[in-house]
Ligand code: URA
């Protein structure tokens, strides 16, 4: 027998999941199995409607057939089960994939994490990669659902409007994405019907319903006209790449979109409209977020530039509205992308040291980035940072401005040229601008200095010299902050 053959000599267990998207149930059972020392090759994970395992079945389904095994009882002194935050984040999405083998894959990873807690960082590992791929496919499906669900209005017998949409998700995302629609259309009565199930919102509570057919959803009505004009006005020619559009918007969705018939004419006029639209602020069509939580959510779903498709998530700013100081970096790095927090990696540690030395309390500031997603390229198994381009910074500026208008800081500290561009919308020379205030439209002051990563790239005397200048910039900001805030 070779080492690659997995032949189980012990009992075989089958776990029946109550629903195909029940990640919490999977977690609970997987924890018990790890604690009971049951290796992955002795467990089958069975979804509702899936065929049982020949060898065994879990007890919770009722009576046991001949040869079946109950899950092992929890040990008297169960050992803690290790699962990194990264694993949980990726697994939560991957569990919603429609591939039948996903729960087995997740259990194999959880099993391996017990002896290798950093397993998820090994992005060359085929199982880690596969799990990331599944999670990414699920995130894309969710993004498509956000973008392509279209409600048609039906008037109910009692005269109230009911908005009904038809959508065909590839994965089990319906329940997970319900909150997105509840937040957006909280005051409407609506239903989303899909071949996997349906959800209904009456303005107060959500109800789940059975799978539906396309014919169950109403077709054309006046809401279509509204969507057409809305879509024509928000159509973003800057992103127009026909190949990319086809992969973003597979033909299967086109038939559900009233605006799809506008696409040929929109493409024809696209290039000519690009510059005009960018300067005219096409974003005006998007409602301004009313809270920092809405910025975080909106930036997370934003696909206005290509960066969002690379990283794990948007990294939102951290801090409270009313913070007197807003600190802006360039974009999250590898560690920030994984942790979902700004400036937690090496540049963040250096920044923290310098802030502390200058007497600036990071916790009292609002810390964010000019670009909210991590842009990188693969080098072997490492994700190498790539600087965002001017267009990407300008595209993300909308979110930065939304943050600034909610936080209303007295002083904004831009770390590096990308951060300064994010604020001013133009190229900024750090050498020329550092050490003095630039007045912003709302009276706040912008102070520009270098990015801490710049210091990390220097050695010896050059590093010491630049660190001293950086410290001096921060001290000037602290002095000004004290003067402004008393
Ligand atoms: N560099 C940045 O600009 N921002 C971060 O959050 C981390 C590193």
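None of the figures in this text is laboratory data; all of them are computed from the coordinates on show. Given the structure is predicted, the values throughout are model-derived calculations rather than measurements. A quick note on method: Cβ atoms are made from the backbone with ideal geometry, for glycine too, and the neighbour counts reach across all protein chains shown.
Run through the DSSP bridge list for the range 292-485 and note the antiparallel percent, rounded to the nearest 5. Mind showing how you got there, number by number?
Values: 8 of 21 bridges.
In the range 292-485, approximately 40 percent of DSSP beta bridges are antiparallel ones.
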> Taking R0 as 35 Å, what's the FRET efficiency between residue 147 and residue 484 from their Cβ-Cβ distance, rounded to 0.05?
Replying inline: 0.25
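Students often check this: by mean Cβ neighbours within 10 Å, which of 370-379, 344-353 ranks highest, and how do the rest follow?
370-379, 344-353
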> residue 187 to residue 469: extension gain in nm, 0.36 nm per residue of separation minus the Cα-Cα distance?
Replying inline: 96.2 nm
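Quick check on the exposure proxy: order 157, 127 from fewest to most C-beta atoms within 10 angstrom.
Taking fewest neighbouring Cβ atoms as first place, the list is 157, 127.
Place the peptides 27-37, 177-187 in order of packing, highest mean first, counting for every residue the other Cβ atoms within 10 Å and averaging per peptide.
Details: 27-37: 18.1, 177-187: 14.2.
Listed from highest to lowest mean packing, they are 27-37, 177-187.
Find the relative contact order for the range 149-216 and round it to a whole percent, using C-alpha pairs within less than 8 Å whose residues are 6+ positions apart. Walk me through the numbers before you get to the answer.
On the way: 115 pairs, mean separation 17.0, N = 68.
After rounding, I find 25 percent.
With the cut-off at 1.5 for a/c, could you classify the range 87-138 from its C-alpha gyration tensor as rounded, prolate or oblate? Before the final figure, lay out each step's value.
Values: a/c = 1.88, a/b = 1.52, b/c = 1.24.
Since a/c reaches 1.5 and a/b is larger than b/c, the shape of the range 87-138 is classed as prolate.
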> Taking the Cα-to-Cβ direction at residue 356 and at residue 118 and moving 7 Å from each Cα, how far apart do the two end points lie in nm?
Replying inline: 2.3
> Among 322-329, 426-433, 167-174, how do they line up from the highest to the lowest mean number of other beta-carbon atoms within 10 Å?
Replying inline: 322-329, 167-174, 426-433
> For a paramagnetic label modelled at 7 Å from the Cα of residue 28 toward its Cβ, which residues of the range 196-214 fall within the zone defined by backbone nitrogen distances under 15 Å?
Replying inline: none
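Compute the Cα gyration tensor for the range 117-161, then decide on rounded, prolate or oblate, letting a ≥ b ≥ c be the square roots of its eigenvalues: rounded whenever a/c is under 1.5, prolate when a/b is larger than b/c in the other cases, and oblate in all that remain.
Taking the square roots of the gyration eigenvalues as a ≥ b ≥ c, the range 117-161 is prolate.
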>> Looking at the range 340-486, I'd like the Rg to Rh ratio, where Rg is from alpha-carbon atoms and Rh is Kirkwood's inverse mean 1/r.
In response: 0.95
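Once you sort the root eigenvalues of the Cα gyration tensor of the range 149-216 as a ≥ b ≥ c, which label holds: rounded (a/c under 1.5), prolate (a/b larger than b/c) or oblate (the other case)?
In terms of gyration-tensor shape, oblate.
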